[in-house]
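Input: a single structure, listed below in structure tokens.
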Amino acid sequence: MRFQIYRAKETDWIEGCKRQDARAQESLYAYYSGRMYALCCRYIPSKMEAEDVLVVAFTKVFEKIDQYKAEGSFEGWLRRIIVNESLTYLRRNKNMYLETEIEKVDQSPNFSQLENHLEADDLLKMVGELPTGYRMVFNLYAIDGYSHKEIAEQLEISESTSKSQLSRARVLLQRKLSMLEKKVETKKSNGYE
């Protein structure tokens, strides 16, 4: 029942936005802006820049809302615009450094040690600390479900570069998880657990 009420509201908001109704635009923005801001922040670490991208992306949503044909979820369509605008912003501002050398990690973290200590926010923070190129590819592939072919097209890189960046992102994340594991072990051995 709740879902049907929400779907009816969403449909009303979309129709209102197509008519340039400011209240419908405001309602749609209020409902989705929090989640879409979090999505922007996964790609753009500066909170102020992420807010700017969000505003530009919603402006595009309102300009192009007639292109939404209700063939898939509206949120999926909206997410695609937000991600594309985030990537465009990064390309435009030349913050994208896709090649960064790192040494290999010699051991994988012990996830059983970490499971009680690692929160989703911690993992997202670790992803946010990745170099820009790694972060973009990791987000697109591992979180947003893009294929390497789609990533290559979006970022104007080769598929092999996309695969390489994902691999390097994973290595860096493993290193960060290993460091966290050592901190947890140190706390346990010092009697803080």
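Bear in mind these aren't lab numbers, they're just calculated from the coordinates by the rules spelled out. These numbers come from a predicted model, not from an experiment. For neighbour counting, all protein chains shown are included, and Cβ atoms are generated from backbone atoms with ideal geometry for every residue, glycine included.
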As a footprinting exposure proxy, order V55, V137, V61 by other Cβ within 10 Å, with the fewest listed first. V55, V61, V137
Please give me the summed charge of the neighbours of L166: other residues whose Cβ is under 12 Å from its Cβ, Lys and Arg +1, Asp and Glu -1. +3
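Cross-chain or 8 or more residues apart, Cα under 16 Å: how many lysine pairs in the range 2-92 fit that? Count them up, please.
Working: K9/K18; K18/K60; K18/K64; K18/K69; K60/K69.
Here the count comes out as 5.
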FRET efficiency for F62 and K163, Cβ-Cβ distance as r, R0 = 45 Å, nearest 0.05? 0.80
Sequence neighbours fewer than 8 away in the same chain don't count; with that in mind, list the lysines whose C-alpha is under 18 Å from K187. K176
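Just add up the charged neighbours of K18: K/R +1, D/E -1, any other residue whose Cβ is under 14 Å from the Cβ of K18. Walk me through the intermediate numbers first.
Working: positive: R19, R23, K64, K69; negative: E10, D12, E15, D21, E63, D66.
Around K18, the surrounding residues sum to -2.
Which trypsin sites (Lys or Arg not before Pro) does the range 34-97 hold that lie in a coil by DSSP with at most 14 other beta carbons within 10 Å? Present the calculation step by step, with values, prior to reporting the outcome.
Working: sites: R35, R42, K47, K60, K64, K69, R79, R80, R91, R92, K94; in loops: K69, K94.
The qualifying sites are K69, K94.
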Anchor K182: lysines whose Cα lies under 24 Å away (excluding residues fewer than 8 positions away in-chain): K104, K125
What is the ratio of the Cα radius of gyration of the range 2-92 to 2.2 N^0.38 Å, with N the residue count, to two decimals? 1.07
Show me the GluC sites (Glu not before Pro) within the range 40-79 that DSSP assigns to loop and that have at most 14 other Cβ atoms within 10 Å of their Cβ. E71
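Excluding L78 itself, what net charge comes from residues whose Cβ is under 12 Å from its Cβ, given Lys and Arg +1 and Asp and Glu -1? Please report the intermediate quantities before stating the final value.
Numbers: positive: R35, K60, K64, R79, R80; negative: E10, E75, E85.
With Lys, Arg at +1 and Asp, Glu at -1, the net is +2.
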